[in-house]
Structures are given as C-alpha cells and as structure tokens.
Amino acid sequence: MNHIKKECVAMLLAGGQGSRLYALTQDMAKPAVPYGGKYRIIDFPLSNCVNSGIDTVGVLTQYQPLVLNEYIGNGQPWGLDTAHGGVHVLPPYESAAGKAWYSGTANAIYQNIGFVDRYNPEYVVILSGDHIYKMDYSKMLDFHKEQNADATIAVLEVPWEEAPRFGIMSANPDGTIYEFAEKPAEPKSNLASMGIYVFTWSKLRKHLIDNENDEGATKDFGKNIIPMMLANNEKMVAYHFDGYWKDVGTIDSLWEANMDVLDPNVPLDLLDDSWKIYSRNPVMPPHYTGENSKIENSMVAEGCEIYGTVDFSVLFAGVVIEEGAVVTDSIIMPGSVIKKGAVVEYAIVGENCVIGEGAHIGDRPERIEDKSSWGVAVIGHNVNVSANAVAAPKAMISQDI
Amino acid sequence: MASMANVLGLIFANMHEANLPELTKGRAMASVPFGARYRLIDFPLSNMVNSGITQVGIITKQNYYSLMNHLGMGSEWDLARKTGGLHILPPYRSEGSGIYRGRLEALAGAAEFIRESDAEYVVMADANVIANMDLKPMVDFHEKSGADITCVYGRGVYNTERAMTKTVFSVDEDNKIYDVLARPAISGEMNVGLDVFVMKRRFLEDLIRESECRGLYSFETDILLHKLHDYKIMGYKYENYFEIIDNMKTYYKANADMMNRDICHEVFNLERPIYTKVRDVAPAKYGIDADVKGSLIADGCIIEGTVENSVLFRGVVVQKGAVVKNSIVMQDTVIEEKASFIDAISDRSVTLSKNRVITGSADYPIFISKGANV
C-alpha cells in the first residue's frame, strides 16, 4: 500500500493502568475513564490532534484495552476515519524476535517505529491520555521548527511546592533546556513537563534505538530519552503553555477536574465552537427533569432522567436519579441509577452502578470531625449497592455491597 | 419471510409542508426540528435502519439544504455504506423531469434509482409521523397477504380540520381496504393513513410507468381511490404510539408527548434508537438558582432561570430570572434576563431581550420565526 507522506504523526500513549484511580481503572485503561459528563479522557488529546490539523494518530494500548478499543472504533467521532492516516490502535505484538509487552513509554514507541516510518514524517508528537486540556499542537510544532529544535517539551509553571511531583526543566531565557530532573526532591525550577513532546523523528528514532540497545536502562521518556538527548547535546527547548491543564491520575484530581467544568472561573470552555472536544455519542434522547426535580450548579448529559435533587454534580449519559434521592458534589458515570431516597455526597459512582434505596455514599467534610478520615468515596464500575448500605468517605468499593 | 436486506426505503422529504407553513419556510418538512434534538426525518429513517433496511432514497423537492446538512453521508444512521446506503434524490434528475405535483410524479423522478436497486420490496414513508415503528411485520404482512399495495394506518379520533389533510380507510375483517376517502371533511374515530406503504419493486415500477403514460400524479387519489378495485390493496393496522403532525397545534402536542414518560420510553426505545446528527456540544449546564421541572433538555443548554413543561433544543440559553413555560425553544435561542416565554414556540437562533414577555395560549401557541430579535 502506498503511504502518503505526513509532516507530523501523533503517538498517544494509552497503555497505562492508572493504578491510582483504583476501582475506576480495574476494568478499563485510564484514558477510557469518563470525564466531564460526556467525554472520556482520551477525547481531549484526540480532539486536540484533529483541531491542530494532525490526522494520523497511533494509540498505543496495553492495559485493559477493550473499552478503549471499542470507544475509538474507526475514529469516526473525531473525524479520524480518513483514507490516508486516521487513528490506529497499536497493541503489543509478537514478532520473529519474540513477543514483548511494552516495557515503558519509550519502548512502546520503539516497537512501533515501523508504523511511524510508513508515513515518513518529519516530526512526531508524543502524547499521553492522562490530562484534560485544550492545546493547539500546530503552534508548538511551529515553535519547534522556528527554534530548529530536536525536541520540544511543553511546560507549565507550577507552584514550587508541587514541583517535586513533576519532571522539572531548567531552561535559559531563550527556552533552551539545559537540565532535566525527574521528580526532584529539591527542584531548581518550577517548569513542569506536561508529558507533551514534539520530536524531529530522525533524532527520536535514533535515540529510541540506542535506548533499546542499552540493556540495563529502563525504557522511559522522562527517565531515559530526555536525559540521553540532553547529554548528547541535542537542541531541546521548552514550550510554555498557560492554559488549563489538569492531570487526572488520582481520585482527588479526577473529582476536582470534573468539578472544574461547573466553575465559571475555570478557563476550560467546553462550549467553545472553535475548539470542539469530540466524543462518541451514546444515541440517547434529551434528558428529562421530573415535576419535583431540583437541579442546580450541575452538568447533565443526554439520556438522564432526574426526579430527585442534584447540586454541584456531573451526571453522564443515561443516569437516573429517582425521587427523593439527593446527589451533591458528586460524579455519576454513564448508566448508573440512584434509587429512591439514596444520598450520594462527595463521591464518584462508576458506570452502570445501582445505588439502592436509602443507601448513603460518602459524606460532607463539615460533618466529619477527624478531617484526615474524609475524602471522596468511590464506587467502581458495575457495582450494586444494596438498600440502606453505607459507604464511608474515602471508601473504595469495587464489589457489590 | 422477507429479508429486510432486500427492501428499499424511500422517504418523501417535502410532503405535507402546506400543513406547517411557519416551520417549513426555509426548510423541508423532513428537517423540521423536533423533540429537543431531532429532525422529523430521524423517525422514518431510524425506523428503516432499525428494521434492517440498508438502502434508502430521500426524495426531495425544495428547501433541501438544511436536510442535506443534517444527513451528511448518513454515517449517524449507519448508512454510509459501500453498497446501498443513503441517497438524496433531488428534483430535475433527468431531462423532462421537474418539480413534481404528487407522489407518483415524485416517484417517476426517482425511477432510475428504484430500478437500479436490487430490492424485492419498497417501503415508502413521509416525515410527518412520530413513531418508533418496526417495518418488518409490515413487509411480512404484505408478502403473506399477496397484496399489491399495503397501506399502514392507525386508529384515532380526528376533527374535520385534521381529517381534511388525511387519507381515511375502511378496512374489512380480512384487512382488505374496501373504501378510501381522500381528505374528507368528517370527524370522529377513523382509520387514518400513516403514509407508509409497502409494494413489490416490480409492481411499483409498472405503476410509475403506467401513471406517467396516463398523466396520473396523485398516489392517493389516482391509485388508492380510483384503482381500489383494480388492485389488491390491504391495510396494516399500527397499534403503538403515533402522532401525525398536521398543523402547529399537533406539532406542539407531539413535542409535549415526549415529556410523558411512557411515550418517551416507547418512542426513544434504546433497543431501537432514534438516530440524529451529532453536534458535539457539551452536556447541559445548570447554574445557581436554576429551576427546571417537567422538561426535556438537550445538550449544550445553559440554564440559570426557570423552565417548566418545555422542550429546549441544543444550545438554548435561559438567563437569570427568565421564565420559560409550556414552550418549545429551538436551537441556539437566547432568553435573556427576566424575560418570559410562555405558551410559545421559537424557531432557531431567536433572541428574546431582557424583560420582554411573550405569552401565547395553550390552544394557540405563539410562533417566533427563525433568527428574530424580539
């Protein structure tokens, strides 16, 4: 088959488990976790690609890929069902040299050098499926070209006290990176890597092979590829981003990022027509609000039926809130039912759960004396909570109770 | 039993527009918005797809831009197919054809498309009926009864005004139609045609050819009525929920019906979904002091005011202190602060300015046309 050359190909690392989301990633990879009422996390990097003019995307999957594979399908919802390029799911495979899981982010790309080569691109964008943000990668690519860089790393200024959680770049005023430290205890800068890279493909290709041949080394972008390129005096520059960007790798950050869509002061506009976030549509009728329903400060997706009270919450498609049920400060994922008189507070309820009549999930922080015992309660996907059952704050429920 | 893969679907996009002049001013009947996120064509088209039909022709006459925009390649209905799939059939398809006067002439304009399909049967439908209809039993009935034409009808009570837009059938106990009234001035309980017909493709082709020769153009008058005794014409009674949109009042009522939970669950049966164009807007957002009851709300709405017993299409904004009651509010309309919109229908992209009050009455909703700035 003849492949038309692409200037830029995106590779989206979507194989991670996201173990810090516990019950929510037990049966799906992190990029497939629902977010913002109708999206899954992966909709953000995929939509960013399409909106940035990148029409060739490899999605590297490994951990629990079923939901993700089915969701991506032929890429039609993102306009990635094109004749040339489009979206390709790339799982690990068996080759003549043997079979190997992706042993790290760099190894995952290494194993797919063949895929990238088919499009003979000048540049490759490496993305992850862990973050909520809107970003024009074409501007970053322009910057990469202007700077004549070999690698461009998107960075965000973070509060100094949070810097030790990130990969930290030290850069000259012209943007050139001279030092990189992965999760430093004593950071020398507060420029955090966002896990978004533009590489000149010929350079990255070489370093991926060198890294692979270095048997003792781990196979990771942050730990290996970036330091190795720095040590080899490749030109690496920091690309400053100042928009909304949120890592949703933990229960608290996932909860907060969902609450952000309700906050008019947060600069994440999902209604902006000029930068749409695309998603696979559930094909459900509009949502219905009952005669005695009360809904404030919330986001409600299609297919929901609401007869109870909802405040400061995000309801995904097809959620039913029965009469007398109260949902506050919570996230209810697609298809879940909150039965009569149940109370859900400061909680994340996974997909297709049933919260039985009179059950009580989570609690409000102001009602808890020992603040250290308070946190968001989580009900995993497909869990049935029986009538009048109680799930305490911070509970992590992955089996019927 | 007939295989639905062998059935060609035909939808008449412009029929019945005279009944709904306000809403069909700049659009085809088939693209009249309905039920907060749909267009009327979504119903017959989804019914065909859900019944297993994979080749559908949409016969258009005028004002079909918004319809083409809505349908695109048909991928949302799973009709973007290598074989079969969705075909829009505009007028003037061949020399000598033009704007049709009736269903038979419309079919003559699509004769080539019909001939080239390999289908054994043809199911025809209009875009004026709200129903989640399985067409397979009708095709099976047609095959079993050996009918030339099967007309689908429903039973209901109609006043004179509504009956005068309909074809009314008398059906005997063997389901044979023995009398046809076209647009009768009668009232009471009657069997009204739902404008869904089943025929063999070969039969339809012959019918088109013969009608062309004889200058016949109305399927209802020239065939069903005048040829009732020449052909075997059978009636298939549709027993589930349906509403025929034949004037502004019934348009309003059919929308309100979707707020009845039983009807809504039947029409939007998730096993047989009604598909529509995806717009990729965020879910609806409720602000502080939002008060929304008994309403149908689409994605992309922003609600900070009061909404009762209303249907809000995608991207409608109801600002603080505004009140929307017993109304249908179409896409991207903005009801500004403290404005009231009661017993009314707004077309797309209307702005109702601050403090303004629009009040119709329950039996005669006021209509605000597209793009108006009130």
Looking at A:N292, A:V376, A:Y278, which one has the Cα that reaches farthest to the positive end of the dipole of chain A (charges on Cβ: Lys, Arg +1; Asp, Glu -1)?
A:Y278
Fewest first, what order do B:R202, A:R118 take by the number of other Cβ atoms within 10 Å?
B:R202, A:R118
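Dividing the convex hull volume of the Cα atoms of chain B by its residue count, what figure in Å³ per residue is obtained? Walk me through the numbers on the way to the answer.
Details: hull volume 48.5 nm³, N = 374.
Residue-normalised Cα hull volume stands at 130 Å³.
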Computed D for the protein assembly as shown, Stokes-Einstein, Kirkwood radius over alpha-carbon pairs, 25 °C, 0.890 mPa s, to the nearest µm² per second, is 85
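Given an 8 Å cut-off on Cα distances and at least 6 residues of separation, report the relative contact order of chain B as a percent. Present the calculation step by step, with values, prior to reporting the outcome.
Working: 890 pairs, mean separation 54.1, N = 374.
It rounds to 14 percent for chain B.
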Looks like the range A:1-141, by Cα gyration tensor root eigenvalues a ≥ b ≥ c and the a/c under 1.5 rounded cutoff (else prolate when a/b is bigger than b/c, oblate otherwise), is oblate
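Filter the trypsin sites (Lys or Arg not before Pro) in the range A:237-343 down to the DSSP loop ones having no more than 11 other Cβ atoms within 10 Å, then list what survives.
Taking the range A:237-343 and a limit of 11 other Cβ atoms within 10 Å, no loop trypsin sites (Lys or Arg not before Pro) are found.
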Any idea what angle helix B:136-145 forms with the longest principal axis of chain B, computed on alpha-carbon atoms, 0 to 90 degrees, nearest 10?
20
Phi to ³J(HN,Hα) by Karplus 6.51 cos²θ - 1.76 cosθ + 1.60 over the range B:343-350, Hz, x for Gly, Pro
6, 9, 10, 10, 6, 4, 6, 8
If one builds a Gaussian network model of chain B from Cα atoms under 10 Å apart, the most fluctuating residue listed among B:L228, B:L194, B:L86 is B:L228
Once amide hydrogens are built 1.01 Å from N within the peptide plane, the residues lying 5 or more places from B:N191 or on another chain with amide H under 5 Å from its amide H are B:F169
Other residues with Cβ under 15 Å from the Cβ of A:A163 give, with Lys and Arg +1 and Asp and Glu -1, a net charge of -4
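According to the Cα gyration tensor, what semi-axes, each the square root of 5 times an eigenvalue, does the equivalent ellipsoid of the range A:280-371 have, listed from largest to smallest in whole Å? Don't skip to the end; give the middle numbers.
Working: eigenvalues 94, 36, 29 Å².
Ellipsoid half-lengths, sorted descending, are 22, 13, 12 Å.
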When every alpha-carbon pair in the range B:120-239 is counted, what percent end up more than 25 Å apart?
19
Select from B:N191, B:I99, A:A325 the residue farthest towards the positive end of the dipole of the protein assembly as shown; place +1 on Cβ of Lys and Arg, -1 on Cβ of Asp and Glu, and compute about the Cα centre.
B:I99
Just how large is the dipole of the protein assembly as shown about the Cα centre, in debye to the nearest 20, putting +1 at every Lys and Arg Cβ and -1 at every Asp and Glu Cβ?
1260
Working from Cα positions, state the angle (0 to 90°, nearest 10) between the long axis of helix A:251-260 and the longest principal axis of chain A.
80
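Report the rotationally averaged projected area of the range B:36-191 based on its alpha-carbon convex hull, in square nanometres. Could the numbers behind the result be given before it?
Numbers: hull surface 44.3 nm².
For the range B:36-191, the mean projected area of the Cα convex hull comes to 11.1 nm².
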What share of all Cα pairs of the range A:69-149, in percent, falls into each consecutive 10 Å distance bin?
13, 36, 41, 10, 0
How large is the charge dipole for the range A:35-168, taken about the Cα centre, if only the Cβ atoms of Lys, Arg (+1) and Asp, Glu (-1) carry charge, to the nearest 20 debye?
280
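Kindly provide the trypsin sites (Lys or Arg not before Pro) of the range A:158-216 that DSSP labels as loop, not H, G, I, E or B, and whose Cβ sees at most 12 other Cβ atoms within 10 Å. Mind dumping the intermediate values first?
Working: sites: A:R165, A:K188, A:K203, A:R205, A:K206; in loops: A:K188.
Listed in order of number, the matching sites are A:K188.
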Note: chain A at 10 °C, 1.306 mPa s; Kirkwood Rh on alpha carbon pairs; Stokes-Einstein D in µm²/s works out to 71
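Using the Cβ atoms and a cut-off under 10 Å, what net charge is assigned to the surroundings of B:A147, where Lys and Arg are +1 and Asp and Glu are -1? Let's see the in-between values first.
Working: positive: B:K144, B:K176, B:K200, B:K232; negative: B:E143, B:D148.
Local charge sum for B:A147: +2.
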Once you've got the GNM for chain A with C-alpha springs shorter than 10 Å, pick whichever of A:I277, A:I209, A:I54 has the biggest mean-square fluctuation.
A:I209
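At 222 nm, what helix-only mean residue ellipticity would the protein assembly as shown give, in deg cm²/dmol to the nearest 500, using -39500 (n - 2.57) for each DSSP H run of four or more? If you can, show how the numbers build up before the last one.
Values: 17 runs with 141 residues, N = 775.
So the calculated ellipticity at 222 nm is -5000 deg cm²/dmol.
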Sparse-neighbourhood loop hits (chymotrypsin sites (Phe, Trp or Tyr not before Pro), the range A:16-119; DSSP loop; Cβ within 10 Å at most 11 others) -> A:Y93
Calculate the dipole size of the range A:288-368 relative to its Cα centre from +1 charges on Lys and Arg beta carbons and -1 charges on Asp and Glu beta carbons; express the result in debye to the nearest 20.
120
Using only the alpha-carbon atoms, how far is helix A:137-146 inclined from the longest principal axis of chain A? Give it as 0 to 90 degrees, nearest 10.
20
Along the charge dipole of chain B, which of B:V334, B:I177, B:N269 sits closest to the positive end, that is, farthest toward it, with unit charges on the beta carbon of Lys, Arg, Asp and Glu (+1, +1, -1, -1)?
B:V334
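Given A:K340/B:K354; A:K246/A:K371; A:K294/A:K394; A:K134/B:K325; A:K6/A:K188; A:K339/B:K338, which pairs have Cα atoms separated by over 29 Å?
Working: A:K340/B:K354 39 Å; A:K246/A:K371 25 Å; A:K294/A:K394 27 Å; A:K134/B:K325 37 Å; A:K6/A:K188 38 Å; A:K339/B:K338 35 Å.
Among A:K340/B:K354; A:K246/A:K371; A:K294/A:K394; A:K134/B:K325; A:K6/A:K188; A:K339/B:K338, the Cα-Cα distance tops 29 Å for A:K340/B:K354; A:K134/B:K325; A:K6/A:K188; A:K339/B:K338.
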Would you pull out the residues with amide H under 5 Å of A:Y278's amide H, same chain only if 5 or more places away, H placed 1.01 Å from N?
A:S47
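Bear in mind that the values in this text are calculations on the coordinates, not laboratory data. Since this is a predicted model, take the numbers as computed values, not measurements. As a convention, Cβ positions derive from the backbone with ideal geometry for all residues, glycine included, and neighbour counts pool all protein chains shown.
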